[in-house]
Amino acid sequence: MAAFGSDGRPACRHFLAGSCMHGEACRFSHAVVDTRKRVPCRHFFAGGCRNGESCPYSHDLDAPSESREHALLAVVEARTAPTFALDVECVATGPTHRDRAVAQIGLVDEQLRVVLNLFVKPKAPVVSYLTPLTGITRELIDSQGIAIEEAVAALKTRLPVSAVLVGTNVGQDATWLGLKTPSDFASLLDLSPLFKVWDPARRKFAYFGQDHLAKCWLGHPRPPGVSHDAVGDAATSMMLLHAFLTVRRDPARLAMLHHATLNTPRDPSFAARHPVFEGVCQGNLQTCKCNAPHFL
């Protein structure tokens, strides 16, 4: 929804961003000074703002999510903070969909270069490696797995505290690894809300998994039988971010991609095809029987 000034005219986006070359001659409203405190400061969320308390923009970590996304996208586009895509793969340590332990960590930079690819040996006994989903096997973990503490320490040495971490539900990945802001990174940019599409038939926004987005936005459908991989999924997240940034100011192309994303048939997820695999619930909302809380 467009913002409006107190004079009833649409707000000037350039003025909201900090300056407008048209000044008082601008046909859009500049009567929006008070609303700037609700616009997050992109420098603050990138790791620091030299204006401190005198900054006219918000340093509030609880700012509205869409405004924070806009600010973070501006940071990523301007490359004022390093951006990394993070992904983890987990194996099952029990029968419920919450019984999981990190088994692979993948980190990719803005140029799609692999920064980190580590396998982790879980402390708890593994009930299932979920190999068709994760690509992880007992042999792989036995030969290459390291302790989670060693893996996270290695990750932190490669992750600047000013970093923006991106990914699909990347907040959960950061939680798995015990990463916290501002000590370990500056900001999280979850890709899921960026690609949401209004579904008029269901009268609500539709959200999509990474595989479907890769098929519709990148032309990269996942071949049948090919498992996930933390590094590959992190690279896909970065490519999706680049694709979104390319078209986000092009309403026609964005609308075309939204239409394709909403109307292209979705392939059933692993959880939909295998509600229970090797005795482990996969957390499908429609078929879950373990009654464990779902991840947000």
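What the table below lists for this structure:
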quantity	calculated
For Arg68: the one exception among (1) at pLDDT 95 or above; (2) basic (Lys, Arg); (3) over 20 Å from Glu150 (Cα atoms)	(1)
Subset of the range 69-95 (residues that are in contact (Cβ under 8 Å) with a residue 40 or more places away in the chain, in contact with a strand residue (DSSP E or B) (Cβ under 8 Å, 6 or more places away or on another chain) and part of a helix (DSSP H, G or I))	Glu69, Leu72, Leu73, Val75, Val76
Residues within the range 236-256 that are outside any loop (DSSP other than H, G, I, E, B) and surrounded by fewer than 19 Cβ atoms within 10 Å (Cβ to Cβ), tallied	13
Residues (β-branched (Val, Ile, Thr) and over 23 Å from Ala85 (Cα atoms)) located in the range 97-130	Val126, Val127
Scope the range 96-133; condition within 29 Å of Val76 (Cα to Cα), touching a residue at least 60 places away in the same chain (Cβ under 8 Å) and not in a strand (DSSP E or B); matching residues	Glu110, Leu112
Within the range 259-296, tally of residues that are assigned to a helix (DSSP H, G or I), closer than 16 Å to Thr134 by Cα, free of Cβ contacts under 8 Å to residues at least 40 places away in the same chain and of a type outside the set (A, V, I, L, M)	1
Considering residues of the range 136-195 that are at positive phi and part of a loop (DSSP other than H, G, I, E, B) only, the residue surrounded by the most Cβ atoms within 10 Å (Cβ to Cβ)	Asn169
Qualifying residue in the range 94-115 (condition: under 21 Å from Arg222 (Cβ atoms), modelled with pLDDT of 95 or more and surrounded by fewer than 19 Cβ atoms within 10 Å (Cβ to Cβ))	yes
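The values are calculated or read from the model by the stated rules, or taken from the named source; none is laboratory data. Just so you know, these numbers come straight off a predicted model, no measurement behind them. Note that we place each Cβ from the backbone using ideal geometry, even for glycine, and neighbour counts take in every protein chain shown.
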